[in-house]
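Visitor: My questions will all concern the structure given below.
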Amino acid sequence: MSDRPVILSTDRLSRVYADGNVQALHEATIEVARGEYLAVMGPSGSGKSTLLNLLGALDTPTGGAVYFEGRNYGDLPSLDRFRAHELGFVFQSFHLLPTLTAAENVQIPLFESSHRAAARAARAAELLELVGMIHRAGHLPNQLSVGERQRVAVARALANRPAILLADEPTGNLDSRTAAHVLDLFDHLHRAQSMTIILVTHGDDVAARAERVIHLRDGRVWNGQTCEGPRE
Ligand code: ADP
Ligand code: MG
């Protein structure tokens, strides 16, 4: 990762949920290089989703900061714009809109920008082709298998050509064969498009797909022996 510029970094990033006074993330300092495929691993409740939501500007830290290419999220003119242009999200439950076809779901992020209908449709077709779902373009989500739904969700996440793909347990609802398809797709995006991918998982086999793994324990980055950062 040394020769690649840092795209995303955090400095002593912390999140306390007032509700229940939970310290979900404690002074996590990480760096992600442009084009890197990073897995964030840890048991349930270790703070993985909390970290991913902060990286995705879906949540605000209670301490520390997140930087995109050295710029503090807090200094960006619009986090909504930043999120829409630079980030793609894939979640465990796919969040497809039930009344829209696969092709229409993929186009959702494009409605934010000034794309014409024909350009939107062409982009959706290109992405459905990429994820191997073009033959189901006109299907509604409930006419698709769960693995197919996740592939459509990945296509949607890529619609705006994001710099970074953030995935939270993207294979958590999939059987192992279907999961492998989705992970193959991530491998392809990483190799062929140099996509920066941050993949949250509690599974060793899933994390093994990434170039590098960071471990969380009780909200702290864990290096195998000690938690990094000061202890209380
Ligand atoms: P993981 O994704 O690794 O399972 P989370 O980041 O979801 O872990 O949660 C970390 C800790 O924060 C857990 O103890 C969880 O119960 C708590 N937590 C998560 N979200 C909230 C919330 N909105 N309010 C209060 N506590 C929360
Ligand atoms: Mg989680």
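The values are calculated or read from the model by the stated rules, or taken from the named source; none is laboratory data. Everything numeric in this text was worked out from a predicted model, so none of it was measured. With ideal geometry, Cβ positions are generated from the backbone for all residues, glycine too; neighbour counts draw on all protein chains shown. When the accessible area is computed, the model is the full protein with side chains, heavy atoms only, and any ligands, DNA or RNA have been set aside. Shrake-Rupley method; radii C 1.70, N 1.55, O 1.52, S 1.80 Å.
Visitor: Can you give me the number of residues within the stretch 170-207 that are of a type in the set (Asp, Glu) and in contact with a strand residue (DSSP E or B) (Cβ under 6 Å, 6 or more places away or on another chain)?
Guide: 0
Visitor: Taking LEU13, is it in contact with a Pro (Cβ under 7 Å, 6 or more places away or on another chain), open to solvent by less than 40 Å² (accessible area, probe 1.4 Å) and in a strand (DSSP E or B)?
Guide: Here the answer is yes, as LEU13 does meet what is asked.
Visitor: Exactly one condition in (1) out of contact with any helix residue (DSSP H, G or I) (no Cβ under 8 Å at 6 or more places or on another chain); (2) more than 16 Å from ligand 2 (Cβ to nearest atom); (3) of a type in the set (Ser, Thr, Tyr) is not met by TYR37; state its number.
Guide: Answer for TYR37: the failing condition is (1).
Visitor: Out of ARG120, ARG83, ARG116, I need the residue that is surrounded by 15 or more Cβ atoms within 10 Å (Cβ to Cβ), more than 16 Å from ligand 1 (Cβ to nearest atom), more than 20 Å from THR10 (Cα to Cα) and of a type in the set (Lys, Arg). Which one?
Guide: ARG120
Visitor: Considering only the stretch 184-197, state which residues are open to solvent by less than 10 Å² (accessible area, probe 1.4 Å) and out of contact with any helix residue (DSSP H, G or I) (no Cβ under 6 Å at 6 or more places or on another chain).
Guide: The answer is PHE186, LEU189, THR196.
Visitor: Is it the case that the stretch 135-143 has a residue that's open to solvent by less than 40 Å² (accessible area, probe 1.4 Å) and away from ligand 2 (no atom under 16 Å from the Cβ)?
Guide: yes
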